[in-house]
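Everything below concerns the one structure shown next.
The values are calculated or read from the model by the stated rules, or taken from the named source; none is laboratory data. Predicted model only: the values in this text are computed from it and were never measured. No Cβ is skipped: glycine too gets one built from the backbone with ideal geometry, and neighbour counts run over all protein chains shown. When the accessible area is computed, the model is the full protein with side chains, heavy atoms only, and any ligands, DNA or RNA have been set aside. Shrake-Rupley method; radii C 1.70, N 1.55, O 1.52, S 1.80 Å.
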Amino acid sequence: MRTYLVGGAVRDKLLGRPVIDRDHVVVGARPEDMLALGYKPVGKDFPVFLHPQSSEEYALARTERKTGPGYRGFAVQADPGVTLEEDLARRDLTINAIAQDENGTLVDPYGGLRDIEQRMLRHVSPAFVEDPVRLLRVARFAARFAPLGFTVADETMALLQQMVRAGEVDHLVPERVWAETRKALTEAQPSAFLRVLRESGALAVLFPEIDALYGVPQRAEFHPEIDTGVHLEMVLDAAAKLAPGDDLVGFCALTHDLGKALTPVQELPRHVGHEHRGVNPLRALAQRLKVPADYADLAELVCREHLNAHRALELKPATVLKLLVSLDALRRPERLQTFLAACMADKRGRLGHEHDDYPQAAWLRCARDAAASVISAPFVAEGLQGPAVGAAMEKARVQAIAEVLHNNEAGQ
């Protein structure tokens, strides 16, 4: 019985990144051996145990055999005869197929160390094509490691394209697509996720609303990058910088411009009304992937209202209040923060504008605070009741926002 540290813990240590999860493989053991040592069983499909002291995961070495379509169609064999090399062979990428024994010695049968040095995401074996989730994982790892210079190996991209042509991607359940997408949106360079999916052909299958943005032109004076798909990639990366690890901001950024794919050809490169055209494709995407309601709701508000955010300094106080109320920002200021981060990312996601100021954000925060300071008690004390209280509060809030605007203009 021998124990090895495997997977992400070894990879991240070699890359000088923080090690978060430590997973182990146990070779030469049976489930009863683990139980006798006090390990707690947690695996459903194959033997996985928790260490009695550290609670780290220890899985028995295993092999997998394809038995049906999709990522569920596998037969798993875990017994004392399975070698470490056989266990590592079933892993997706070479950089994830490195093990370390209890003495610190590395076991690297598939060239993971070489690919770490060459900054390459490369599949371990042809069996890679048997699990369609791996396509999403490669795209997600690209989003994580692109800032370090990692790219997808040509032969691995060819396999991804083969998987799409063979229809393997069609077997992905919505929950898994959303789970991997959500993780990708927390990574440092989410644009790489889209590029890998697009090059493989999977973007058109999984996210046709997003794929349709590529090749759609925008006005060069506002969008020097011109291509709407390129703009979206830049917005995603700007969002990742403004709100690191925030997948809600990332999803709002991902879906904010879907309406531009529906602009009539004769109107291009202008996109009048795209913020309203984008609502239906956003709803379709969110429903198909079973996106949580709070994500879908806020993304729709960003889609509809991001141009109002950009024009915030020119809006009438009553329109500003209407925007804040639509966001429920008076009761939930954190929603305004998410909204503003996505809108700021949209403004900065343009060639040559990556560091632009966004004074609209500070103004809308001040307007929100001024409006939220108006409470019902004084109006109730005056004897107002029912709808009259609400009407008086709305008038007072508009006035409070107007005063903030006046003071800001006077200060300038």
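Tabulated results
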{"item": "Residue under evaluation residue 216, criteria (1) under 25 Å from residue 344 (Cα atoms); (2) hydrophobic (A, V, I, L, M, F, W, C); (3) surrounded by fewer than 18 Cβ atoms within 10 Å (Cβ to Cβ), criterion not met", "result": "(3)"}
{"item": "Number of positions in region 309-351 that are part of a loop (DSSP other than H, G, I, E, B) and closer than 18 Å to residue 295 by Cβ", "result": "4"}
{"item": "Evaluation of residue 289 against (1) farther than 17 Å from residue 222 by Cβ; (2) of a type in the set (A, V, I, L, M, F, W, C); (3) free of Cβ contacts under 8 Å to residues at least 12 places away in the same chain (one fails), failing number", "result": "(3)"}
{"item": "Filter result for the condition that a residue is under 16 Å from the mean Cα position of the chain (by Cα), open to solvent by less than 30 Å² (accessible area, probe 1.4 Å), of a type outside the set (Phe, Trp, Tyr) and closer than 22 Å to residue 214 by Cα, over 185, 160", "result": "185"}
{"item": "Boolean, residue 114 is modelled with pLDDT of 90 or more and either crowded, with 17+ Cβ neighbours inside 10 Å or outside any helix (DSSP H, G or I) (or both)", "result": "no"}
{"item": "Qualifying residues in region 160-174 (those that are β-branched (Val, Ile, Thr) and within 17 Å of residue 195 (Cβ to Cβ)) - the one modelled with the highest pLDDT", "result": "164"}
{"item": "Qualifying positions in region 97-111 - open to solvent by 10 Å² or more (accessible area, probe 1.4 Å), closer than 20 Å to residue 27 by Cβ and not hydroxyl-bearing (Ser, Thr, Tyr)", "result": "100, 101, 102, 103, 104, 106, 107, 108, 109"}
{"item": "Sole exception among (1) within 37 Å of the chain's Cα centre (by Cα); (2) open to solvent by 60 Å² or more (accessible area, probe 1.4 Å); (3) without any contact (Cβ under 8 Å) to a residue 40 or more places away in the chain; (4) more than 23 Å from residue 304 (Cβ to Cβ) for residue 354, by number", "result": "(3)"}
{"item": "Any hit, region 260-270, residues being in contact with a helix residue (DSSP H, G or I) (Cβ under 8 Å, 6 or more places away or on another chain), part of a helix (DSSP H, G or I) and crowded, with 23+ Cβ neighbours inside 10 Å", "result": "yes"}
{"item": "Options 196, 235; residue that is open to solvent by less than 20 Å² (accessible area, probe 1.4 Å), touching a Gly at 6+ places or on another chain (Cβ under 9 Å) and either not in a helix (DSSP H, G or I) or not aromatic (Phe, Trp, Tyr) (or both)", "result": "235"}
